[in-house]
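The values are calculated or read from the model by the stated rules, or taken from the named source; none is laboratory data. Just so it is clear, the model here is predicted, and its values are computed rather than measured. A quick note on method: Cβ atoms are made from the backbone with ideal geometry, for glycine too, and the neighbour counts reach across all protein chains shown.
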Amino acid sequence: MDIYEKGFGIKQSSKFQSNIEKIIVEAITKHINDLMFIMERDKEGTLRYFFANDAGRNFAKLSNDYMGKSFNEALDNEDIFNRLHREYMLVFHTKKIRTFIDQIKLDNGEIIYAESVLTPIMEDTHVKYIVSITRDITESLKKNELLQESEQRYKSLVDNHIDSIISIDMSGRIYDMNPAALKIIGDENKQGTSIFNLIKNEYKSDFSFLFRKCKTTNIPQSMDGAIVMMDGQFLRVHIKFVPIIINESIQGIFLILRDISERAQSAEKIRYMSFHDQLTGLYNRRALMEDLYHEIKEASVNTEFALLTIDLDRFKYINDTFGHIIGDQILIKVAERLLEFNHKYCHVYRQGGDEFNILLTETNRNKVSEFAQNILSRFAQSFYLQSEEYYITPSIGISMYPYDGKDIETLIKNADEALFRVKERGKAHFQFYRAEMNMLLTNVVTLETNLRKAILNNELRLYYQPQVNLHNQSFNSVEALLRWESPNLGLVGPGDFIPLAEDTGLIIPIGNWVIEKACEQIAVWKMHFNKEVRIAINISPKQFQQSNFIDVIRNSLEKYKVNPSLLEIEITEGAMENTKAALSILRRLKEIGVIISVDDFGTGYSSLSYIKQFPIDVLKIDQSFVRDILMNAKDAAITTTIIHLGQNLGMEVIAEGVENKAQVDFLIKANCQKAQGYYYSKPVPWDKMEMFL
């Protein structure tokens with residue numbers, strides 16, 4: 001049960017006032033470690049527990065079902081029960097606040113002194129509840145030699161350590177103060193006056209700025225300043241601005257004042273200032289560097305995260321035209337809009353100026369694309385400031401870990417490079433970083449638009465590279481490689497359009513086209529040359545996971561009446577991450593009769609595990625090993641080991657990237673079955689391939 005369910009409070013002049021008092025109590029309890037209990041007196045006059053905070057429950061060793069129990073039911077010490085009952089009954093009879101000091105012997109034999117303040121809560125003319133706040137004052141008593149002083153002196157010492165809380169409305173007028181604040185500022189006649197009248201002149205500018213900032217961002221702010229006391233002197237205080245949110249709307253601000261005249265700022269406050277942007281309250285560049293360092297340090301093999309660099313288009317024009325005050329207010333509203341996307345795996349930062357960053361963790365390229373598009377959609381809505389409407393569009397550059405960098409500097413640099421390309425190609429869009437960006441492509445939108453028409457306009461082509469039998473220099477298999485011959489963009493390499501096809505989902509229809517085209521080509525060569533040539537095609541992990549993938553292959557084989565063993569499906573480690581699903585698909589492919597090969601074998605982390613579990617027919621040695629087999633003993637050893645491994649497992653082994661006679665001689669000596677590479681032929685279109693046939 002919530003302690004407010006019965007609707008009592010310090011004052012109950014209105015529903016609004018009751019809600020405000022609820023927040024006051026919550027704010028106080030979050031800033032103190034004191035023991036708090038609320039007791040209710042039932043109709044028979046018995047005191048029963050109504051509420052206890054965590055510190056109180058733990059100290060009194062109350063059970064989980066303590067609510068509704070009396071002292072003698074909840075406590076197993078009769079002396080404590082009698083003493084507490086006596087003090088509480090005095091408050092019920094006198095209807096006044098009562099303070100008393102208690103000596104308590106802990107389980108370990110240590111003696112502590114606790115001061116308790118009992119406050120009556122009235123219902124009509126009767127005391128309905130009593131709120132007890134208990135604080136350990138042992139050290140204060142020892143240090144100040146006040147053990148024998150009066151109860152009033154103890155209470156004074158405690159009150160001097162309680163934070164002052166002032167409630168102000170949206171215009172800055174005071175409407176409530178707690179007892180600690182009253183002691184500093186003066187009597188209740190101050191209520192209704194402006195808080196700005198109490199701030200020392202040299203701090204008024206900063207105070208006014210943070211007051212407005214708290215109202216506009218709903219983000220707590222803090223500063224050091226000085227406030228006038230009742231004697232006219234100024235007291236140095238640390239001021240924390242906490243927004244009062246009621247029904248999802250800010251209704252005022254709490255000012256929490258802490259005396260810092262004789263001590264340094266708290267560690268929490270120093271850290272906040274170090275890691276937050278002063279204007280927007282967002283995390284700053286230092287916080288971004290810390291978080292990137294943590295993500296990279298904790299990254300595992302399959303970890304992916306994205307760094308988005310966001311720049312506001314034409315913001316300098318707004319700043320120069322309307323002034324920096326308007327510009328700052330717009331930046332605050334931009335920060336608010338970006339914070340709408342903030343969640344456990346999304347963190348927003350401000351670098352400075354009009355540049356922001358977002359760190360997305362536990363994500364992938366597709367999710368990042370969708371996220372960036374959502375940002376663009378959200379910023380399509382205008383900003384309103386002082387009855388004026390402003391349109392702000394963002395440009396977004398994206399780098400992905402680990403593909404675009406494995407250290408902080410590289411990730412930031414590449415995200416900035418991607419942002420530069422967006423700015424260069426029209427702004428108001430997003431761009432992933434790519435190591436080799438085709439300068440002919442005006443922007444990603446143009447590339448996507450042309451790619452969507454490529455299949456319909458018959459612009460895609462399959463090139464073929466023969467796989468030569470090293471023992472007799474003949475060949476009966478080729479690898480099909482996809483090319484795009486765009487009338488607008490020229491010959492576009494797969495490195496430029498395949499990632500975009502993956503991002504947009506176009507890889508599915510393109511992959512299906514490749515499967516059908518390969519089957520058709522097998523049938524054509526069989527008919528024209530009476531030669532059975534096996535064609536290997538690369539399968540995207542996304543295509544591999546499609547529910548109708550098997551049906552697409554089966555339908556193409558049946559349509560062109562192709563022997564299934566003449567179609568080779570090349571998969572990569574990425575397609576086999578979900579072992580259970582991949583094994584099911586591969587087994588169904590084997591039932592059809594197609595050949596299964598593993599591309600770029602030896603570059604992954606789990607390749608041996610895969611070939612042990614999966615029905616694989618062919619291993620393809622990655623060209624990164626073949627390239628240096630004559631110069632690097634490790635590459636030579638790895639290549640030889642893969643060849644022997646494949647032979648022992650009854651698999652065909654093909655070496656990729658063969659470029660010279662010496663490499664061929666090495667592979668023949670190692671008893672490798674096949675090789676492909678520029679030494680024999682570069683990838684060529686179907687008509688030139690027929691010259692080999």
- request: Only residues that are part of a helix (DSSP H, G or I) and within 32 Å of the chain's Cα centre (by Cα): list them for segment 208-219, please.
  value: F209, L210, F211, R212, K213, C214, K215, T216, T217
message: Can you tell me which residue is surrounded by the most Cβ atoms within 10 Å (Cβ to Cβ) among those in segment 407-429 that are modelled with pLDDT of 90 or more and in contact with a helix residue (DSSP H, G or I) (Cβ under 9 Å, 6 or more places away or on another chain)?
response: L411
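Only one residue in K590, K620 is of a type outside the set (A, V, I, L, M), part of a helix (DSSP H, G or I) and modelled with pLDDT of 90 or more. Which one? Show your work before the answer.
Working: K620 fails: part of a helix (DSSP H, G or I).
Testing whether each residue is of a type outside the set (A, V, I, L, M), part of a helix (DSSP H, G or I) and modelled with pLDDT of 90 or more leaves just K590.
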field: Subset of segment 636-684 (residues that are in a loop (DSSP other than H, G, I, E, B), among the charged types (D, E, K, R) and more than 25 Å from I596 (Cβ to Cβ))
entry: E659, K682
field: Unique match (being in a strand (DSSP E or B), modelled with pLDDT of 90 or more, aliphatic (A, V, I, L, M) and surrounded by 20 or more Cβ atoms within 10 Å (Cβ to Cβ)) among L308, L257, L292, L288
entry: L308
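Restricting to segment 33-62, what's the tally of residues that are more than 26 Å from D163 (Cα to Cα), in a strand (DSSP E or B) and free of Cβ contacts under 8 Å to residues at least 40 places away in the same chain? Give the derivation first.
So the first thing to find is which residues in segment 33-62 are more than 26 Å from D163 (Cα to Cα), and the list is 40-49, 61-62.
Among the residues that remain, those that are also in a strand (DSSP E or B) are: 40-41, 47-49.
Narrowing further to those that are free of Cβ contacts under 8 Å to residues at least 40 places away in the same chain: 48-49.
Of the residues in that region, 2 qualify.
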task: Could you run through segment 170-192 and say how many residues are at pLDDT 80 or above, in a loop (DSSP other than H, G, I, E, B) and loosely packed, with under 14 Cβ neighbours inside 10 Å?
output: 3
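Test I535 against the stated conditions and say whether it is closer than 20 Å to T572 by Cα and in contact (Cβ under 8 Å) with a residue 12 or more places away in the chain. Show your work before the answer.
Values: closer than 20 Å to T572 by Cα: yes; in contact (Cβ under 8 Å) with a residue 12 or more places away in the chain: yes.
In short, yes.
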field: Only listed residue being modelled with pLDDT under 90 and on the phi < 0 side of the Ramachandran plot, chosen from A372, A380
entry: A380
task: Scan segment 231-247 and give yes if some residue there is outside any strand (DSSP E or B), in contact (Cβ under 8 Å) with a residue 12 or more places away in the chain and exposed (fewer than 14 other Cβ atoms within 10 Å of the Cβ), otherwise no.
output: no
task: Restrict the check to segment 549-569 and report whether at least one residue is in contact with a helix residue (DSSP H, G or I) (Cβ under 9 Å, 6 or more places away or on another chain), within 20 Å of P494 (Cβ to Cβ), at pLDDT below 90 and among the aliphatic types (A, V, I, L, M).
output: no
- request: Evaluate the following for Y66: is it touching a Leu at 6+ places or on another chain (Cβ under 7 Å) and either surrounded by 12 or more Cβ atoms within 10 Å (Cβ to Cβ) or farther than 18 Å from I130 by Cβ (or both)?
  value: no
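Here's a check for you: in segment 651-689, which residue that is more than 18 Å from Q473 (Cα to Cα) and modelled with pLDDT under 90 is surrounded by the most Cβ atoms within 10 Å (Cβ to Cβ)? Outline the logic, then answer.
Start the filter on segment 651-689 by keeping residues that are more than 18 Å from Q473 (Cα to Cα), which leaves 651, 684-688.
Remaining after also requiring modelled with pLDDT under 90: 686-688.
Working: W686: 15, D687: 7, K688: 13.
Of everything passing the filter in segment 651-689, W686 is surrounded by the most Cβ atoms within 10 Å (Cβ to Cβ).
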task: Run S222 past the list (1) crowded, with 17+ Cβ neighbours inside 10 Å; (2) within 41 Å of the chain's Cα centre (by Cα); (3) in a helix (DSSP H, G or I) and report the number of the one that doesn't hold.
output: (3)
- prompt: Within segment 295-305, can you find the residues that are aliphatic (A, V, I, L, M) and in a helix (DSSP H, G or I)?
  reply: I296
statement: Of the residues in segment 555-572, those that are farther than 14 Å from K526 by Cα, surrounded by fewer than 18 Cβ atoms within 10 Å (Cβ to Cβ) and charged (D, E, K, R) number 2
- prompt: So which strands (runs of 3 or more DSSP E) stay within segment 78-139 end to end and still have 1 or more residues that are closer than 14 Å to M39 by Cα and of a type in the set (G, A, S)?
  reply: 111-123, 126-136
